[in-house]
1. Run the paramagnetic zone check for Arg371: 7 angstrom along Cα to Cβ, then residues of the range 51-94 with backbone nitrogen under 14 Å.
2. So for the range 101-199, taking the charge dipole from beta-carbon charges (+1 Lys/Arg, -1 Asp/Glu), which of Leu109, Leu177, Gly150 sits furthest toward the positive end?
3. Roughly how big is the range 306-451's charge dipole about its Cα centre, with Cβ charges of +1 (Lys, Arg) and -1 (Asp, Glu), in debye to the nearest 20?
4. Ordered by residue, what ³J(HN,Hα) values in Hz, to whole numbers, does the range 269-283 give under the Karplus form 6.51 cos²θ - 1.76 cosθ + 1.60, where θ = phi - 60° and Gly and Pro are x?
5. Could you sort the peptides 35-41, 12-18, 423-429 by per-residue average Cβ neighbour count (10 Å cutoff), highest mean leading?
6. Using the beta-carbon distance between Asp302 and Arg115 and R0 = 35 Å, what value does 1/(1 + (r/R0)^6) give for FRET efficiency, to the nearest 0.05?
7. Select from Leu223, Pro304, Ala327 the residue farthest towards the positive end of the dipole of the chain; place +1 on Cβ of Lys and Arg, -1 on Cβ of Asp and Glu, and compute about the Cα centre.
8. Just to be sure I understand: of the beta bridges DSSP finds with both ends in the chain, what percent are antiparallel, rounded to 5?
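Quick note: the coordinates plus some simple rules give every number you see, no bench work behind them. All figures in this text were calculated on a predicted structure; none of them were measured in a lab. Here the Cβ positions follow ideal geometry from the backbone for every residue, glycine too, while neighbour counts run over all protein chains shown.
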Amino acid sequence: MSRRVVVIGGGLAGIVCALDCADAGADVTLVEVRPRLGGAAYSFERDDLSIDNGQHVFLRCCIAYRALLARLGSVGSVRLQARLEIPVLSPGREPALLRRTSWPAPFHLAGSLLRYRRLTLRQRLRVARATLALSRADPHARALDEISFGEWLARHGQDRQTVAALWDLIALPSLNLRADQASAALCAFVFKTGLLERADAGDIGFHEHPLSDTIDMPARHALAAAGVDVRLGWRAEKIERLGSQLRVRRDDATDELDAEAVIVAVPHARAASLVEPLLPSTAAALRRLASSPIVNLHLVYDRPVSPWRFAAGAHTPVQYLFDRTAAAGLPSGCQYLAVSLSGAEREMRMSPDELRAVYVPALSQLLPRARVAKLERFMVTREHAATFRGGPGTAGLRPGAVTDVPGLVLAGTWTDTGWPATLEGAVLSGHAAARAALSGRVTPVGALVAR
């Protein structure tokens, strides 16, 4: 008889778990409470627009996520920069450009940093020294995880202006926290893996089509082809031990599933509730892990206002903006911009009218054409618990895939992948969990980091 595996959760981690286990010959059932797959990466229809819940970018070094896209047949739905390029917009100033050269790492960014006019020459030279120190830092050092990245930067001569105009451009979208709130260890991992160890590692990938077309429907087809029994609208309420097996009970008690292995691949707050009867200390750690929110603003103008398909903001409330006109199915005569706000605790408390009063003028300061354009639609989407909160001390709270309960396995960005809460971290956690479910052993996730 083949090994029976139940996967709870249909996000990226759950999809990968199910595919890996099915490929190994296991009898796999995947249950998901929502009517779709993809977890936090999804799209929806509103006012004839196809809207992604958030702007989920990835990097060239995200080899596991890119491999999943290939498995799903979705490579044609994404675009990868030929070379890292980030336009940086500031009110009343010409756009700056952070762009890598063909030089080997870590010199591939030297020219861009030396020409970066958002900082003084003295600040740029201090950035170079801090970058050299960061390249030598050990992301796995416990002492580094116990301080914030802001504290580490201050120790290495970085003032607040430099942090806001440069370091936060990477820390915010990567960790969903500002540098002064984020774990120095996680930030060191991001900068080393994405920018300092390989010249092309940080080239940015974008989803050109709606996320549901890229992940949800392709994943359904791939799982069906692999023989996975996918049950949508199925909420797992309880996990019980039955001798050498585990049982997953449904919320309405109309169904239950028995298996040799159960993989919990849901958000960490939900996972804490599910595993608490069997793993109380793990549940307590997961509750301490906390969450960080993301707010997305969706603006449709009656004409093109931005020449940039993607840009960052410095010295402005706007963090990142994306041109989503084609992805949303709008005609070329107008333009749909999505503004992504990470670490958005303040913005979560603001009403749509308050957000509009702040961000519409802010965009007009960055984009002169927006001053004469008509804003036809303004919408707000919020992810209250978009990611786990990667602050100081995070490493000690993130569990591994293997637990003390035989057959009970954990997966998700919040597990100990070494990565922050990213698409790549989710996929890597899924691979690790599948190995653990099938064999009771797990290969260190660090071995899968891009080479």
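1. Residues passing the 14 Å test: 91-94.
2. Sorting the options by dipole projection puts first Leu109.
3. The dipole magnitude comes to about 300 debye.
4. Going residue by residue, I get 5, 5, 4, 4, 5, 5, 8, 4, x, 9, 9, x, 5, 5, 4 Hz, with x marking Gly and Pro.
5. My ranking of the peptides, most packed first, is 12-18, 423-429, 35-41.
6. With a Förster radius of 35 Å, E is 0.45.
7. Pro304
8. DSSP beta bridges in the chain are roughly 75 percent antiparallel.
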